[in-house]
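Input: a single structure, listed below in structure tokens.
The values are calculated or read from the model by the stated rules, or taken from the named source; none is laboratory data. From a predicted model like this one, the values you see are computed outputs, not experimental measurements. As a convention, Cβ positions derive from the backbone with ideal geometry for all residues, glycine included, and neighbour counts pool all protein chains shown.
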Amino acid sequence: MKVAIWGAGTIGKALAHRLATTDFISELHWINRDLNKIQSRSTDIEHGLLFAPVCRRVTTASQKSASEVFDEVDMAILTQGYPVAQGDTRDDVYIRNREIFREFVIPSLSGKSMPIVLVITNPVDHLTRLLYRETDLGSSRLMGLGTVVDTARLCHSISGYVSPMPYPRDIWAYAVGFHNEDVAVTIPRMCAMGREFPPDLLEDIKRLVQIEIANGANRVKQATDEATLHPVIEGAVHVMKSIALDMCSVLTVSVHDPDSSNDLFYSVPCTIGNQGILERLDNLIPADTKDSMRLGIENAIRFLHSCGDA
Amino acid sequence: MNDLAPYAIEVEEPGVVLIRFRSGRCSSRRMNKHEVEIAELVRSNETVKYDLSDTTAIGSAWIKWMVKMTLMARRMGKEVLCVGMSDSIRSMSEVIGVLDDLNFEQK
């Protein structure tokens, strides 16, 4: 698969290096506002291609050339924009990142139905929605990283409370809704594929895993030395792998809600394959979790109204 | 104490045992065996104390087991008590958000 990465912040840089060593990326095209910032790094990645499984080409492009790059690639990853400052919420950077998207990203995608686009820039749900409303990409080829990382943290956290301890990938639990403080978790009793999960401790464990998820998210937001962003990179790679290899993995990406008159995007479990979003699996979300997701939906509508974006 | 049992169990008095952890590292093939053994200690004693003061290496799962045992014991009207914890274990407990759910001995 040929992929474009836009942005050279912490996530953009880490993704570029990581993707060159995967077994499903054949070409990597790196776009950035400032070419000087990525040219040396790009050359270093090229120098490592002798050892790369399949990647044979790495290029750099300024954002003025983004439209041409998008004509060549199967998938684009958007990481550019202002990061969330310490003490702020993801929503606090929406207005500024919306301007960046409107000025550069949306014109570059204008009139295109390709590539498949994965948004990582925060607030991920609202920016993915913005692209849906202002481009022709459509709902199946457009997704945000959403709560993929929250789900990864959730499954790992739960695995530590299950006996015998399973692999995190063997836990069937999901973080859903908006990628912010309103994220909701669903932990089915049989989430551990039949292994013992102490039912009388379910509520305590639910509370504890939510603390662990929030701690992980706070480390990323605080951007201290302890925040490696590793799960963000791995989550994005897994989404791309599922698309490249048509794996039909179930992932909680941020997707269009077809029942929302506001075109809201938020995370539900979806199957992901080479056409992008293959299917929303709303049936995996129990009624009580849907109830708690409603609060996030109301807050999102209120926020978008306040930004003149309803 | 060896890799087969990365902790030592001492009976302090009838119904009260102390698990002294050295390392929470062991083969993943034996992790369940250790957890079953510790759970059985909770079931068969009134108080299970554990000491992580000298523990220099541990996985987050071991700390979560201690939390789980603490919660289980509380429901059974028993007690699982932490009598010591090294700074590195305390730091990991904070990172994974379980520190407040561990039952520390009041000194």
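Among the residues of region A:81-95, how many are out of contact with any Cys (no Cβ under 9 Å at 6 or more places or on another chain) and either modelled with pLDDT of 95 or more or among the aromatic types (Phe, Trp, Tyr) (or both)? Going through region A:81-95 one residue at a time, the tally reaches 1.
Filtered by the rule that a residue be away from every other protein chain (no Cβ under 11 Å), in a helix (DSSP H, G or I) and in contact with a strand residue (DSSP E or B) (Cβ under 9 Å, 6 or more places away or on another chain), region A:181-210 gives a lone residue, A:LYS206.
Of all residues in region B:85-102, how many are surrounded by 18 or more Cβ atoms within 10 Å (Cβ to Cβ) and more than 13 Å from chain A (Cβ to nearest Cβ)? Residues in region B:85-102 being surrounded by 18 or more Cβ atoms within 10 Å (Cβ to Cβ) and more than 13 Å from chain A (Cβ to nearest Cβ): 2 in total. Set side by side, the residues A:ALA300, A:ALA310, A:ALA214 differ, and just one is small (Gly, Ala, Ser) and surrounded by 18 or more Cβ atoms within 10 Å (Cβ to Cβ), which is A:ALA300. Taken over region A:37-55, the criterion of being among the β-branched types (Val, Ile, Thr) and part of a loop (DSSP other than H, G, I, E, B) is satisfied by A:VAL54 alone. On the basis of being of a type in the set (Lys, Arg), at pLDDT below 95 and assigned to a helix (DSSP H, G or I), does A:LYS112 make the cut? So A:LYS112 does not fit the description; no.
Of the residues in region A:31-50, not one is in the same structural domain as A:MET114 (by TED's automatic domain parsing), under 25 Å from A:GLY273 (Cβ atoms) and surrounded by fewer than 23 Cβ atoms within 10 Å (Cβ to Cβ).
Of all residues in region A:156-191, those that are within 23 Å of B:LYS33 (Cβ to Cβ), surrounded by 17 or more Cβ atoms within 10 Å (Cβ to Cβ) and touching a Ser or Thr at 6+ places or on another chain (Cβ under 8 Å) total 5.
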